[in-house]
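Input: a single structure, listed below in structure tokens.
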Amino acid sequence: MKKTNLKKKPAVVKFKRPEPERVNKILDHFKKMYPDAKCALIFNNHLELLISVILSAQCTDVTVNKVTPALFKRYKTASDFADANPMELERLIFSCGFYRAKAANIIKAGNVLRDTFHSQVPKTIEELIQIPGVARKTANVVLGNAHGLVEGIAVDTHVRRVSQRLGLTKNNDPVKIEQDLMKLLPKEEWFLITYRLIEHGRHVCDAKKPLCPECPLRPMCPSAPFFMKKFWSAVGG
């Protein structure tokens with residue numbers, strides 16, 4: 001009889017709707033752990049912020065911050081970006097990855113800003129998402145940091161991963177994750193929760209090797225038992 005090669009299914013953390021008490025504890029810990037969390041991008045005006053966030057898609061903020069000084073020295077206005085030579089722009093943003101698509105979006109964004117919004121960065125999500133290269137994440141980051149307006153929660157890869165592991169959402173789609181978090185959290189927490197989740201994802205809740213043994217959130221994290229089991233197995237415990 002031929003043997004069947006049965007592969008074990010990966011462990012899945014069962015989603016349990018978070019209790020308000022647990023959510024509040026998570027928020028309290030984040031406030032203590034990351035009191036100074038903020039957007040890591042370096043910019044001097046609203047246009048620079050918008051361009052920086054477009055460049056940050058699937059790219060680290062550190063890399064973007066290395067690219068933008070020369071970029072913003074060369075291009076200073078929406079018209080400058082609208083009239084940019086594609087090959088020159090691509091060369092300047094090459095290290096950010098997907099440079100051709102990003103250059104095309106930035107040039108189109110310059111045109112839309114100049115021709116539709118009088119060279120000003122809009123103040124609503126509905127207007128911002130009309131700009132090429134801008135989705136809800138970018139719009140939320142720009143609104144909060146440029147205009148001090150909070151209409152939602154910016155969801156990047158760190159926010160998605162950490163909020164899933166903490167049992168705050170069971171969804172993978174960024175828009176649905178945003179909706180889940182907005183229902184769970186008071187509006188005054190929406191702006192900073194993005195940057196606190198990002199900090200936690202960068203420094204503790206790593207994608208491949210989360211530091212569960214030293215994480216203060218471990219007692220309230222439904223994913224911790226699974227990762228702790230892997231940790232003790234790796235160290236021979």
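No lab work stands behind these numbers, since they all come straight from the coordinates. Treat the numbers as computed from the prediction; the structure is a model and nothing was measured. A quick note on method: Cβ atoms are made from the backbone with ideal geometry, for glycine too, and the neighbour counts reach across all protein chains shown.
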Listed pairs K31/K183; K66/K108; K137/K170; K208/K229; K32/K187; K31/K187 exceeding 21 Å between Cα atoms: K66/K108
The range 46-147: equivalent-ellipsoid semi-axes (sqrt of 5 x gyration tensor eigenvalues, Cα, Å): 19, 15, 12
Euclidean distance of C-alpha centroids, the range 94-109 and the range 144-211, integer Å: 26
Degrees separating the helix 190-203 axis from the principal Cα axis of the chain, which is the longest one: 60
Excluding exposed DSSP-loop trypsin sites (Lys or Arg not before Pro) (at most 11 other C-beta within 10 Å), longest clean stretch of the chain: 17-207
Helix axis angle, 174-184 relative to the chain longest principal axis, alpha carbon, degrees: 70
DSSP loop chymotrypsin sites (Phe, Trp or Tyr not before Pro) with at most 16 other Cβ within 10 Å: longest gap in the chain: 118-237
Stretchable slack from E126 to A104, in nm (0.36 nm times residue separation minus alpha-carbon distance): 5.8 nm
C-alpha long axis of helix 224-234 to longest principal axis of the chain, angle in °: 70
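Normalising by the residue count of the range 46-147, find the relative contact order in percent from Cα pairs under 8 Å and 6+ residues apart.
Relative contact order, the range 46-147: 32 percent.
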√(5λ) per eigenvalue of the Cα gyration tensor, the chain, largest first, Å: 37, 22, 16
Normalised contact order of the chain, rounded percent, pairs of Cα under 8 Å and 6 or more residues apart: 20
